[in-house]
Each structure stands twice: as structure tokens, then as C-alpha cells.
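**Q** This is the structure, below, for whatever I ask next.
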Amino acid sequence: MKKLDNLEVVIGLEIHVELLTTSKMFCGCSAAIFGAQPNTLVCPVCLGLPGSLPVPNEKAVEYTVKTGLALNSSIANFSQFHRKNYFYPDMAKNYQISQYDLPLCDGGYLGVDINGFTRQVGITRVHLEEDTGKLFHVGKGGRIAQAHYSLVDFNRSGVPLMEVVTEPDLGSPKEARIFLQNLKSILEHLGVSDCNMEQGSLRCDANISVRPRGNKELGVKTEVKNMNSFKSLERALTYEVERHKQILEGGGEVEQETRHFDETKGVTTSLRTKEYAHDYRYFPEPDLVPLNIDSVWVEELKRDLPELPDARKMRFEEVYKLGAQDAGILTSSKIMADFFEECAKSYPKPKIIANWILGELSYRLNQENLQIDESAVTTRHLVELLKLIDDGTVSGKMAKDIFEEVFETGKLPRIIVEEKGLSQITGEKELSTIIELALEENLSAVEDFKKGKQRAFGFLIGQVMKLTKGRANPALVNKILQKKLEELK
Amino acid sequence: MELHNLTGYKLHNMLQTKKISAEELIKAVFTRVEKVERKVKAYLNLDRDLALSRAKKIDQNIKSEKKISFLTGLPIAVKDNICTKGIITTCASRMLENFNPVYNATVAQRIIDRGAVIAGKTNMDEFAMGSSTENSAFGPTFNPWNLETVPGGSSGGSAAAVAAGEAIFSLGSDTGGSIRQPASLCGVVGLKPTYGLISRYGLIAFASSLDQIGPITKDVRDCACLLNEIAGHDPKDSTSLRTNVPDYTKALVKEIGGLRIGIPKELMGEGVSRDVKDSVEKALELLRGLGAHVEETSLPHLDYALSAYYLIAPAEASSNLARYDGVRYGYRAEDVSDMLEMYSKTRALGFGDEVKRRIMLGTYALSAGYYEAYYGQAQKVRTLVVRDFNEAFEKFDVLISPTSPTPAFKIGEKVADPLQMYLSDICTIPVNLAGIPAISIPCGAVNGLPVGLQIMGKVLGEETVLRVAYAFEQNFAGMGKPPLRI
Amino acid sequence: MSITVRDVEHIAWLARLELSERDKRKFSKQLDHILDHAGKIKEIDLRDVPPTSHVLPLENVFRKDESEPCLTDKEALSNAPKKEKGAFVVPRILAQD
Ligand SMILES: [Mg+2]
Ligand SMILES: [Zn+2]
């Protein structure tokens, strides 16, 4: 087995995004399907009943054009829907209304910051189509392979689905993850999708191949599906890169196939469906007329595009004097950036806000697997806490404990301080008494200090904090203790 | 005269003046049905009780009304590919034998809202694929003029019902001649309107870019009256035209002096029988006599229209019919072990041969490696056919041809040879490819079998087409009624 | 031009139609015959002719993004050959080897 060190990873992504419209793509059924009872948000059109006909949702077209503009695509002035024909039980008509050679948005790119340099990732196309229904497999483990039979719910059938396809321009699983995070943030800023990967409103498939660096020809690619978070995207692709490498190093050949990522085992497995060559028999959808996208309208949309993450990041650096990295992370999620700016309105030290959001808050959110808007912590909580530190009511150390409780209970910091009597002891008299007590109890340490052992000073401070349960103002303790010890000398 | 033999227009006036009631009328029609239906077999589904209770309700509603809408109380037969809520709609297929729509087609909703009484659902070729109604999964319909011959198709049931007096008029659908050819073979009037004039929502699709619903009636006035009721924009159909619908009865004037009529020689070629040609020639003579200029012309690409049609229509059909898979509705094969088996058994047992043939033909025409040569090329031919018609309508107000190359043929005569059957649509198909309106009206008889005259107009030229048809009809001796020896 | 039994098998698979051996032979003959006739259109040079998928002078037909009432679940499932817990039942999707 020869070790292949100089391998190049080539990744392209295919991202499906459910659009945040009120109604479905081709009918008036509500598109807010999450949590609904099966087959309660369906009509003749999205159930594919005989005789029903599609009428496209104007908003979905608008959202797709906006996305194209944000991704530097050229917006087609002539676009068409095609039928993609294949049989599958989640398909109401056994064809999907999609786009083929005339997508709404053609080409484009997205600049992605990776380890300090910017990589231009090519966008192949952005097009519009309809989502399928959902299958529930009944039988062992709910997986398709062992199922006895399956249930079909068509609520999701016909939800507007935007497909973004990238060029194979991504060089590592990490790059793929960062690209997807950037794209997600753009879509959030545009307001076209809620991009909830777990609920499936943002879905990502990846084509991945490996080749010796310098080779012109691409290696054999595999398609990886079922990656339900950024983390699992990176994990799945990292696994897949390793798998390809091992096959190539062992002198084998990678098999072109579709693989399923198993979240719990952290491995990809072959779907092992009978791989017949697909023949989708695309042809122009005869139930729909062509789209002639008005360039004046496109100009209007372009003018009215909201501030996008890149611009926002620059503004964060300029206005709030944040470092590039912090600004980048904050703007990689719209709700996080919004949270930051909301805090900044009522608290004058942006750097400290950023530290708290990216530190404590993000840490806990990650632990609990929550989004910022799903946690109990609001901007009001954070600002209040920061103000309590500033006015000396609590120490930084105490603030962290209070934050933990805020996170757990959603109580306001001031209430927590009151309830627990947590406010900092800042009275010099009170502290003096406690310090004297500490000195009396630790005479040997006092002796040590007198002998010139500086360490004893730290020990004594610790004892004071212990006696006050951490509520003593550290600066004040320091000052008073210093004085007392000088007096003893 | 018996009520069932009267036109909708006359019956409307009688209902308006309270000379008859809707109940009497539907009863008269059902009496006629009882007498002849077992021979004609025009209907797949008759719900007397439903129709009767509806007629009674209508009588109640209009008791005190001075002016009633045209359709109020008139019995109408509806082709069984138009969805009717709560009334089984089968498309004459095993696949939909028990299919009970949960919604009304826009056209069905309109005629119901305007007071029509649906007498029943009529027989047809399965999924509208055929020209003789022999492809019905539930047995053929028989031509009232001669029970040994076919009524034409695919709207054979709708045409035969009108000819036999089993309905006052009916709705059919026309993808390649499916209204006009049976109208011609049954000696009644049938109109295929401009593509987009009538909503397709709820019409079970055969070939979406060609399908169109239209009226089948006893005369041209009824045709105009019924068209008035069903034409107009529908927001549920993206291919529906936003156009102001005129009152088509205003077009019914006998005057056609100076009108320019073109006769495409491609539609009077070898395929057309001598007898039919003679009838058409005589009709043209009559029109000349009324002051029209009649002139032969050429639309060279019509020679390729049949080929293009038999690639485009099956291609669209192969996709439209993919939804019949046994999952959500319709027939499902029993005892299957997996999905693939369920699909292929369900479709093997649910569809008849002609449907399978066209699905396969269309699948082939769209499949990798053949798309350009077949479907792609056919779409280009379609462009040329459209251009030919556009050019012709610069010179002519209407074009005229036979509707069908032959009168009604014997039952079973063409069943074994699909291509021969396809050729019976040779005169009607170009009209669908171009999306233009065309009417078939009776213009003569051969051996006791009716011959139809096809009058084609430009896009949204229904008024001109109706005007010519009306002028001809008023000056034509007429066909009388089918002898129907029962 | 000729449509072989193998072609018919492939098309029938794409279209999910189970055919008997007799059917395959019959359809291959018939389709061959029809395509022979339809193949006429290959004679013409159509390089510069644009395709027509629709004769309509229509473009940009849209709906406003407003939600409308749906079917009841009872209506939605009223024609279902097999249902369970408000859903349509289908047999196992992957064949057992
Ligand atoms: Mg897609
Ligand atoms: Zn719907």
C-alpha cells in the first residue's frame, strides 16, 4: 500500500431550500407545514389529483431572483419550468415540476473566507421547483431498507423549493461547511427561508471526489446525502475523504454511487438501491407558460436588497470596532448579528457584548443545541447583566454564575441578584471586618507573608472570597488587605 | 315534437315561459334514455335520482323568477373525463373505475352554478385516446345512425347521446379531433374552441398543450349558447386566456357575402374518401352560392402534422398518466411485495392497450438519445404548422375541410391496426397543434351515414367560424334525425 | 428504424408497465410501425426552426402568495386504496434481495 500524501479534495454542493412563502409553489395550500397532522395541508393540485393544474406562486419567483442577485447570478429574462419524470411514492404526480436548461438564475459566485483568505466559489445555477411529500417507514428502526411498509404524507408536497448548485470549487469538508454557513446567512438576511436544517428547510447534498494534486481529471465522485447540520456535513465529508483515500491507497477504485450519512455511527453507507441509469425525460411543462423576467423589476429588487452578511461584517468592523473574526462569526447567522446589534443599542461597549455572545452564550447554545432565539436569554438579559458588572453590583465571576441561571430559567439578572442576595460587598467597613476575621484564622499565612512570601497574599485573598462566597469586590479586597498587612508589618 | 328532440334554445324559451318544468324535461329525456340507451350505450353513469331531485330544486328556485339563465333546467351530458364532485368519474378506464372526485372541474362548476342538470357521464375512449370509443374499458358506444358502426371518438358517448336525443347537449373534449370527429360521425355539431378559451382545470389531462373542452349540440345556435356559458378566464388554469368573451349568439347571422374561404388541398388528399369529398364539394357550392369566395390553398406542413401529433400528444400523455400508480386513488394491484411491483402491476392491469401504447410511444419520444429526433423535431414541426395557419389566415377568413376522411366505420374495423385508427384524425389534428378553433357541422350523408364539414378559424375566431357554420346550416336541407330502429 | 423487444422492455420499465412476452412482441411491432410513419418528420431540415411547446401568447401567469382552504383529511384520503393514521399506505419501497 502506497501512501498518497498529495491528494486534492474536490467538493460541489447541491442545496435545497424551502422558501418562506405563505402558500405552496403551485397551489393555495399553506406552506407552513411543520407539525401539521398528515395530509391536512393538501388540495387537488399538491395531491396530484386527476385534472388539477399548477399556478406558480409569484413570491417564490421573487425570492429565487433575490437569491440569484445576492449570489451574483445573471437573472434569465426567459425562463421555463420543465417536468422531471420519475416514479417515487412521495411524488404526487410522479413528475416534479422543476427547471432544466432555462433556470431563473444562471452562474454566479460567493466569496468565502477560509483561514484568512477569500475563495470564490462558483455558483452553477439557482432554480425553482416543488418539494415532495414525506415517507415514514414502518418496521425496524424506521429505515427504508428494513421497513415492512411505508406511510405517505403529502403536506410537504408542493412547498416551494429553491435549488442552489455550486461548481466543484470547494477544497475541503471545512470549506464546504463554511460555504454552507455563509449561504445560510445570506438566505436569512434575504428573508427567503428559515434555513432550519433539522426541520429540513435547508438540505444539502454533496458530490465529493479525490485526485492526486495536479491531475486535470476529476476522480470518481460519490454523492453524500442526509447531512442534517453543519457539523454532520463536515463529519460526513471528512469520513468520505478518508474512505476515498484509503480505497485509492489500497490501489482500488472508488465506486460512483449515492451514500447515506449515518449520524449516530458517523459513517457513510451505500444506499444500495438498484442503480438503474436515470432517465428523467425532461420536457417543458405544458401546464405552465414561460416566465419573462422584467429587467426593470429585477433592478428594483436589486436596489431593495437588504444588507447582506459581507457588508454587515464590514460595518461591524468599522462601526463597532470588532475584529474581523468576531465580526465574521457574528454575521454568519442573522439572528446572532441581530442580537448583537440590539444589545449594542443599549450598551456602549460592543467588544464586551461580542465577547459574551461568542463566549458564554454560544458555548451554552452549542451545548444545548439551541438557536439564539430558542434560548431564554434575550438582549435585555444580557444588557442588564453587563450593566450590573459595570456598576459594580456583581463581579465578573459572579456574572458568569448569574448568566448560567439566566440561561436556565430566563429570570432577569437583577431579580436573581436580589433573590440570592448576590450583590457584591462593596462596603469598606463590612469588608474590613471580614478581612480581619480571615487574618485571625490564618495566622501562619500572615507570618509567611511577613517573611516575604508573596504567595501568601493570594492565599489570603482566596480566604476572603471564600468567606464572602465570592461576593467581595476583588479590587477592594486587594486594597484593604494590602493596607492591613502593611499595618501588621 | 317530443321534448328530447328539441334544441336547448327552444327548451330554454319554454322553461322561461313556464310552458314546461325542468322536472318534466329531465323526465322526458330519461324516458328517451330508457328506450334507446341499451342499444346506444352512450352513458357510463346515469344518476336519475340525483338529476331528478336537482330538476325539482331548480323548479322551486325559478318559480318566481321572470328571467332565467340559459342553462337553467337543461339536461346536459358530460364526458367522463371532466371531474364532477360526488359523481364517479372514470375516464372509461379500469384505473379510475371507482374514482369519486372531491372537486368539480371549473366547467362542471360553471354549468352547475348556472342551473344545468347533469344527466350523466358519457362513454369515451379510455383517457380520451382513440377515435371510435372502442377503447373504453366498459364497452363501446354505438352510432345511433347505424348501430353496427362506431360513433367516433374519443367523445363518442357525448356525440351519440345528443344524436340519439339522450341529452339536450353535451360536453366533450378535443385533443386531436375528439369532439369534431364524433360530431361528424353522429351528425351533430361539435366545436373545439381556441386553446385557452375554456378552463382545463378538472379536465383529466391527456395532452395538456392540446386538450380543450367544447360543446356538442344539435345545431349551431345551441353551440353558441353553450359556448357562452363555459368560455372565459379561470385563475386555476395558467394556460387560460384573459380575454373578453363576446356573446357568441350575436355572430349568428346568415350573411357571409364576400367572405374568403380557403380549402387546404392537403386535407382533401388521397386519404379522404370519394363520397366525403363529394359532400364537401357540394357544401362549398352552397357557400359560393351565398356569396363566399372559395379558393384552394396549400398548407404544406400539414403533411407532417399527424406525425408531429403522434409524438407530442403521447409524450405529454406519458407524463400526465404517470400519476396513476395506485398510491393516492384509483386501482391498485393486490398481492404485491414491493413498490416497483405495485407500480408495474397496477399500471399493467389498470390501463388498456391503447393507453399503454401511447404511454410507451411518448416515453420513447422523450427518452435519452431520442428526444431531439422525435419530440424535439415534432415541436419544430408544430412551429411550421402554426406558421402555415397564420399565413393562410392572412388570405382567408376561414379554412374548410372534411372533418373525418370517412363516414362512420364498422365496429372492430380498425381495432387491430392502430396506425389506421390514427389516420382517421388526419383532418382534425392540425387544428389542435395550432390551437385554433374549428367546428364540425353536418353537410351531407353517405349510405345513411352523416358527413361532417370542418370550419377552421384563426385564434379566437370563434365568431367567424360560428357565422359561417350558421349560414351554412340555415341553407342546408338538413340531416333529419337518426332512424334508430330499436 | 426499428423498435426491438429490448427497447420495449426498457421503455416499459421507465413507464412502470409490466408486459407479458406476447405483449412485448406485439407492442414492438406496433410501435415500430407507428414510429416508421412518425419518423417522416426526420426528413425535413428544421435546424433554424424554433420549437413550439405552447401556442399561447401568454407569459408570466402567477398567483399571489395567499393561502386558500385545503381539503379535509377525510376528502384527501377518500379515494385512497389503503390508508393508516391519516396517511397513504404503500408497500416496502426497496425490494428484498
Ligand atoms: Mg432538485
Ligand atoms: Zn395544495
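**Q** Can you tell me which residue among B:VAL276, B:VAL294 is in contact with a strand residue (DSSP E or B) (Cβ under 7 Å, 6 or more places away or on another chain), of a type in the set (Val, Ile, Thr) and in a helix (DSSP H, G or I)? Please lay out each step first, then the result.
**A** Working: B:VAL294 fails: in a helix (DSSP H, G or I).
Of the residues listed, the single one that is in contact with a strand residue (DSSP E or B) (Cβ under 7 Å, 6 or more places away or on another chain), of a type in the set (Val, Ile, Thr) and in a helix (DSSP H, G or I) is B:VAL276.
**Q** Quick check on segment B:323-346. Is at least one of its residues under 25 Å from B:ALA416 (Cβ atoms) and assigned to a helix (DSSP H, G or I)?
**A** As a first pass, look at segment B:323-346 and keep what is under 25 Å from B:ALA416 (Cβ atoms): none.
Scanning segment B:323-346, I find no residue that is under 25 Å from B:ALA416 (Cβ atoms) and assigned to a helix (DSSP H, G or I), so the answer is no.
**Q** Shifting gears a bit: Go over the candidates A:ALA76, A:ALA92 one by one and state the one that is more than 18 Å from A:ARG156 (Cβ to Cβ) and either within 16 Å of ligand 2 (Cβ to nearest atom) or in contact with an Asp or Glu (Cβ under 9 Å, 6 or more places away or on another chain) (or both).
**A** Details: A:ALA92 fails: more than 18 Å from A:ARG156 (Cβ to Cβ).
Just one listed residue meets the conditions, A:ALA76.
**Q** Got a sec? Which helices (runs of 4 or more DSSP H) wholly within segment A:373-475 have at least 2 residues that are touching a Cys at 6+ places or on another chain (Cβ under 9 Å) and crowded, with 18+ Cβ neighbours inside 10 Å?
**A** Working: elements: A:379-390, A:396-409, A:413-420, A:428-441, A:443-450, A:455-467.
In segment A:373-475, A:379-390 are the helices (runs of 4 or more DSSP H) which contain 2 or more residues that are touching a Cys at 6+ places or on another chain (Cβ under 9 Å) and crowded, with 18+ Cβ neighbours inside 10 Å.
**Q** Might you let me know whether segment A:26-41 holds any residue that is within 16 Å of ligand 1 (Cβ to nearest atom), assigned to a loop (DSSP other than H, G, I, E, B) and either more than 7 Å from every other protein chain (Cβ to nearest Cβ) or among the aromatic types (Phe, Trp, Tyr) (or both)? It would help to see each step written out before you state the result.
**A** Applying the first criterion (within 16 Å of ligand 1 (Cβ to nearest atom)) to segment A:26-41 yields A:26.
From what is left, the residues that are assigned to a loop (DSSP other than H, G, I, E, B) are A:26.
Subsequent filtering for residues that are either more than 7 Å from every other protein chain (Cβ to nearest Cβ) or among the aromatic types (Phe, Trp, Tyr) (or both) retains A:26.
Yes - at least one qualifying residue is present in segment A:26-41.
**Q** What single numbered condition from (1) within 16 Å of ligand 2 (Cβ to nearest atom); (2) within 14 Å of another protein chain (Cβ to nearest Cβ); (3) not polar (S, T, N, Q) fails to hold for A:TYR149?
**A** Single failed check for A:TYR149: (1).
**Q** Pick from B:SER337, B:SER344: which is modelled with pLDDT under 95 and at the interface with chain C (Cβ under 9 Å from one of its Cβ atoms)? Write out each step before concluding.
**A** Working: B:SER344 fails: modelled with pLDDT under 95.
Within the list B:SER337, B:SER344, the selection yields B:SER337.
**Q** Continuing with this model, one more query. Working carefully through the options A:LEU53, A:LEU20, A:LEU7, A:LEU47, find the one that is touching a residue at least 40 places away in the same chain (Cβ under 8 Å), surrounded by fewer than 22 Cβ atoms within 10 Å (Cβ to Cβ) and within 12 Å of chain C (Cβ to nearest Cβ). Can you show your working first?
**A** Working: A:LEU53 fails: surrounded by fewer than 22 Cβ atoms within 10 Å (Cβ to Cβ); A:LEU7 fails: within 12 Å of chain C (Cβ to nearest Cβ); A:LEU47 fails: surrounded by fewer than 22 Cβ atoms within 10 Å (Cβ to Cβ).
Answer to the selection: A:LEU20.
**Q** Scan segment A:126-143 and report the pairs whose first residue is within 16 Å of ligand 2 (Cβ to nearest atom) and whose second residue is among the basic types (Lys, Arg), with Cβ atoms within less than 6 Å and a gap of 6+ or a chain change.
**A** These pairs meet every condition: A:ASP131/A:ARG156; A:GLY133/A:ARG156; A:LYS134/A:ARG156.
**Q** Say whether the condition of being of a type outside the set (Gly, Ala, Ser) and facing chain C (nearest Cβ under 8 Å) is met by at least one residue in segment B:319-326. Quick ask: steps written out before the conclusion?
**A** The initial filter retains those residues of segment B:319-326 that are of a type outside the set (Gly, Ala, Ser), namely B:320-321, B:323-325.
Adding the requirement that they be facing chain C (nearest Cβ under 8 Å) leaves B:325.
Yes, because at least one residue in segment B:319-326 is of a type outside the set (Gly, Ala, Ser) and facing chain C (nearest Cβ under 8 Å).
**Q** Follow-up question, since we're still on this one. From the list A:GLU167, A:GLU163, A:GLU223, pick out the single residue that is touching a strand residue (DSSP E or B) at 6+ places or on another chain (Cβ under 8 Å), acidic (Asp, Glu) and free of Cβ contacts under 8 Å to residues at least 40 places away in the same chain.
**A** Values: A:GLU167 fails: free of Cβ contacts under 8 Å to residues at least 40 places away in the same chain; A:GLU163 fails: free of Cβ contacts under 8 Å to residues at least 40 places away in the same chain.
Just one listed residue meets the conditions, A:GLU223.
**Q** Still on this structure: Please determine whether any residue of segment A:161-168 is at pLDDT 95 or above, more than 16 Å from ligand 1 (Cβ to nearest atom) and more than 21 Å from the chain's Cα centre (by Cα).
**A** Here is the first cut: in segment A:161-168, the residues at pLDDT 95 or above are A:161-168.
Restricting the remaining residues to those that are more than 16 Å from ligand 1 (Cβ to nearest atom) gives A:167-168.
Narrowing further to those that are more than 21 Å from the chain's Cα centre (by Cα): A:167-168.
Taking every residue of segment A:161-168 in turn, at least one turns out to be at pLDDT 95 or above, more than 16 Å from ligand 1 (Cβ to nearest atom) and more than 21 Å from the chain's Cα centre (by Cα).
**Q** Related question: With (1) outside any loop (DSSP other than H, G, I, E, B); (2) away from ligand 1 (no atom under 16 Å from the Cβ); (3) touching a residue at least 12 places away in the same chain (Cβ under 8 Å) as the list, and A:HIS148 as the residue in question, which single condition is left unmet?
**A** (3)
**Q** If you don't mind, there's one more thing I want to ask. For residues in segment C:61-82 being touching a Gly at 6+ places or on another chain (Cβ under 6 Å) and within 11 Å of ligand 2 (Cβ to nearest atom), which is farthest from B:ARG332 (Cα to Cα)?
**A** Checking each candidate, the answer is C:SER67.
**Q** While we're looking at this one, here's another question. Out of everything in segment C:17-60 that is in contact with a strand residue (DSSP E or B) (Cβ under 9 Å, 6 or more places away or on another chain) and not small (Gly, Ala, Ser), what residue ends up being modelled with the lowest pLDDT? Even if it seems obvious, please write down each step before you answer.
**A** Our first condition is that a residue be in contact with a strand residue (DSSP E or B) (Cβ under 9 Å, 6 or more places away or on another chain); within segment C:17-60, this holds for C:51, C:53-54, C:59-60.
Okay, now just the ones that are also not small (Gly, Ala, Ser), so C:51, C:54, C:59-60.
On the way: C:PRO51: 94, C:HIS54: 87, C:GLU59: 93, C:ASN60: 95.
Once the filter is applied, the top-ranked residue is C:HIS54.
**Q** Only strands (runs of 3 or more DSSP E) wholly contained in segment A:86-132 count here; list those with 2 or more residues that are of a type in the set (Asp, Glu) and within 11 Å of ligand 1 (Cβ to nearest atom). Before the answer, list the steps.
**A** Numbers: elements: A:95-98, A:109-114, A:117-130.
It comes to A:117-130.
**Q** Let me ask another. So which residues in segment B:243-298 are touching a Ser or Thr at 6+ places or on another chain (Cβ under 7 Å) and in contact (Cβ under 8 Å) with a residue 40 or more places away in the chain? Let's see the steps before the verdict.
**A** First, the residues of segment B:243-298 that are touching a Ser or Thr at 6+ places or on another chain (Cβ under 7 Å): B:262-268, B:273, B:276.
Once the filter is applied, which keeps residues that are touching a Ser or Thr at 6+ places or on another chain (Cβ under 7 Å) and in contact (Cβ under 8 Å) with a residue 40 or more places away in the chain, segment B:243-298 yields B:GLY262, B:ILE263, B:PRO264, B:LEU267, B:MET268, B:SER273, B:VAL276.
**Q** What number of residues within segment C:33-59 are within 7 Å of another protein chain (Cβ to nearest Cβ) and part of a helix (DSSP H, G or I)?
**A** Going through segment C:33-59 one residue at a time, the tally reaches 7.
**Q** Report yes if some residue within segment B:190-199 is within 15 Å of the chain's Cα centre (by Cα), under 19 Å from B:PRO407 (Cα atoms), surrounded by 24 or more Cβ atoms within 10 Å (Cβ to Cβ) and not charged (D, E, K, R); otherwise report no.
**A** Yes; the residues of segment B:190-199 include at least one that is within 15 Å of the chain's Cα centre (by Cα), under 19 Å from B:PRO407 (Cα atoms), surrounded by 24 or more Cβ atoms within 10 Å (Cβ to Cβ) and not charged (D, E, K, R).
**Q** Filter segment A:152-174 for residues that are within 16 Å of ligand 2 (Cβ to nearest atom) and within 26 Å of A:LEU237 (Cα to Cα) and give the result.
**A** We begin by selecting, within segment A:152-174, every residue within 16 Å of ligand 2 (Cβ to nearest atom); these are A:152-161.
A:LEU161, the sole residue that qualifies.
**Q** Does A:THR21 meet the test of being within 16 Å of ligand 1 (Cβ to nearest atom), of a type in the set (Val, Ile, Thr) and in contact with a strand residue (DSSP E or B) (Cβ under 6 Å, 6 or more places away or on another chain)?
**A** no
**Q** Among the candidates B:VAL162, B:VAL107, B:VAL117, B:VAL102, which residue alone is within 14 Å of chain C (Cβ to nearest Cβ), farther than 20 Å from B:GLN420 by Cβ and either among the β-branched types (Val, Ile, Thr) or out of contact with any Ser or Thr (no Cβ under 6 Å at 6 or more places or on another chain) (or both)? Give the derivation first.
**A** Values: B:VAL162 fails: within 14 Å of chain C (Cβ to nearest Cβ); B:VAL107 fails: within 14 Å of chain C (Cβ to nearest Cβ); B:VAL117 fails: within 14 Å of chain C (Cβ to nearest Cβ).
Within the list B:VAL162, B:VAL107, B:VAL117, B:VAL102, the selection yields B:VAL102.
**Q** Suppose we filter segment C:72-84 for residues that are facing chain A (nearest Cβ under 7 Å) and of a type in the set (D, E, K, R); how many remain? If you could, list the steps in order and put the result at the bottom.
**A** Here is the first cut: in segment C:72-84, the ones facing chain A (nearest Cβ under 7 Å) are C:73, C:76-77, C:84.
Retained after the next criterion (residues that are of a type in the set (D, E, K, R)): C:73, C:84.
Number satisfying all stated conditions: 2.
**Q** Out of B:ILE400, B:ILE359, report the one residue that is under 21 Å from the mean Cα position of the chain (by Cα) and buried (at least 21 other Cβ atoms within 10 Å of the Cβ).
**A** Numbers: B:ILE359 fails: under 21 Å from the mean Cα position of the chain (by Cα).
Within the list B:ILE400, B:ILE359, the selection yields B:ILE400.
**Q** Follow-up question, since we're still on this one. Residue pairs, Cβ under 8 Å, 6 or more apart or interchain, first in segment A:470-484 and without any contact (Cβ under 8 Å) to a residue 24 or more places away in the chain, second part of a loop (DSSP other than H, G, I, E, B) and among the β-branched types (Val, Ile, Thr). List them.
**A** The qualifying pairs do not exist here.
Yes/no matrix, rows are residues, columns are (1) farther than 27 Å from A:VAL152 by Cβ; (2) more than 7 Å from every other protein chain (Cβ to nearest Cβ); (3) among the basic types (Lys, Arg); (4) in a helix (DSSP H, G or I):
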{"site": "C:ILE3", "(1), (2), (3), (4)": "yes, yes, no, no"}
{"site": "C:LEU17", "(1), (2), (3), (4)": "no, no, no, no"}
{"site": "C:LYS24", "(1), (2), (3), (4)": "yes, yes, yes, yes"}
{"site": "C:PHE27", "(1), (2), (3), (4)": "yes, no, no, yes"}
{"site": "C:LEU31", "(1), (2), (3), (4)": "yes, no, no, yes"}
{"site": "C:VAL61", "(1), (2), (3), (4)": "yes, no, no, no"}
{"site": "C:CYS70", "(1), (2), (3), (4)": "no, no, no, no"}
{"site": "C:ALA95", "(1), (2), (3), (4)": "no, no, no, no"}
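**Q** Any residue at all in segment A:285-292 that's within 19 Å of the chain's Cα centre (by Cα), touching a residue at least 24 places away in the same chain (Cβ under 8 Å) and surrounded by fewer than 19 Cβ atoms within 10 Å (Cβ to Cβ)?
**A** Within segment A:285-292, the first condition is being within 19 Å of the chain's Cα centre (by Cα), and the residues that meet it are none.
No.
The values are calculated or read from the model by the stated rules, or taken from the named source; none is laboratory data. Being a predicted model, the structure only gives us computed values, none of them experimental. Positions of Cβ are generated from backbone atoms using ideal geometry, with glycine treated the same way; all protein chains shown enter the neighbour counts.
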